[in-house]
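Novice: Before anything else, here's the structure in question.
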Amino acid sequence: MIRHMFTIIFSIRLWLRMTFTLIYLSIVADLSLLPSNDLPELPLFPGADKIIHSCMYLGLTWLTCWSFQAESKRNQYYYIFLFSVSWGAIMELLQLFMHQGRSFELLDIFSNLVGTFAGLLFYIFMARYKEKPEIKRADNNLH
């Protein structure tokens, strides 16, 4: 059942994959650059924003791998890793220079890095899992 789901995910047309990725990228940029007073106040535990950063960049990296079909050219993983980490660092630098109530934090960049790495691993796992041939069990019924 999971392999069937992966097959469906990987069969989505390239233009639609790219569209999803660009929309997600713009959402990440919007959330990263919105003034702090425009963000909702969520009563979360301390450090929750670091988990949110990791999850956002896990999604961004996975979608980028999916859009560029990274499993077909293994060296694309390196470029996608560099892109995602660089995007996160640029978002942090823009927060520093925009003076909109947001602040530059090295821990945010580290959280983005963790999410990027997790997204790569998750994508590689899915791509390899979909490629494995089905294992058929012999029927053990004696006639």
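Laboratory data are not the source of any read-out in this text; all were calculated from the coordinates shown. These numbers were taken from a predicted model, which means no experiment stands behind them. Cβ coordinates were reconstructed from backbone atoms using ideal geometry, including for glycine residues, and neighbour counts include every protein chain displayed.
Novice: More than 19 Å apart: what percent of Cα pairs in the stretch 1-99 qualify?
Specialist: Counting pairs separated by more than 19 Å, the tail of P(r) holds 52 percent.
Novice: For the chain, with a Gaussian network of springs between Cα atoms less than 10 Å apart, report the residue from 44, 63, 113 with the top mean-square fluctuation.
Specialist: Among 44, 63, 113, the largest mean-square fluctuation in the Gaussian network model of the chain belongs to 44.
Novice: If you don't mind, another one. Quick one: go through the stretch 97-126 and flag any residue whose amide nitrogen is under 19 Å from the point 7 Å out along the Cα-to-Cβ line of residue 20.
Specialist: In the stretch 97-126, the label zone of residue 20 (backbone N under 19 Å from the point 7 Å along Cα→Cβ) covers 116-126.
Novice: Test of the criteria: in the stretch 45-125, which GluC sites (Glu not before Pro) are in a DSSP loop and have at most 15 other Cβ atoms within 10 angstrom of their Cβ?
Specialist: 105
Novice: Looking at the stretch 1-49, which trypsin sites (Lys or Arg not before Pro) are in a loop (DSSP not H, G, I, E or B) and have at most 10 other Cβ atoms within 10 Å?
Specialist: 13
Novice: Please give the length that would be gained between residue 38 and residue 76 if that part of the chain were fully extended, namely 0.36 nm times their separation in residues minus their C-alpha to C-alpha distance (nm, one decimal).
Specialist: 10.1 nm
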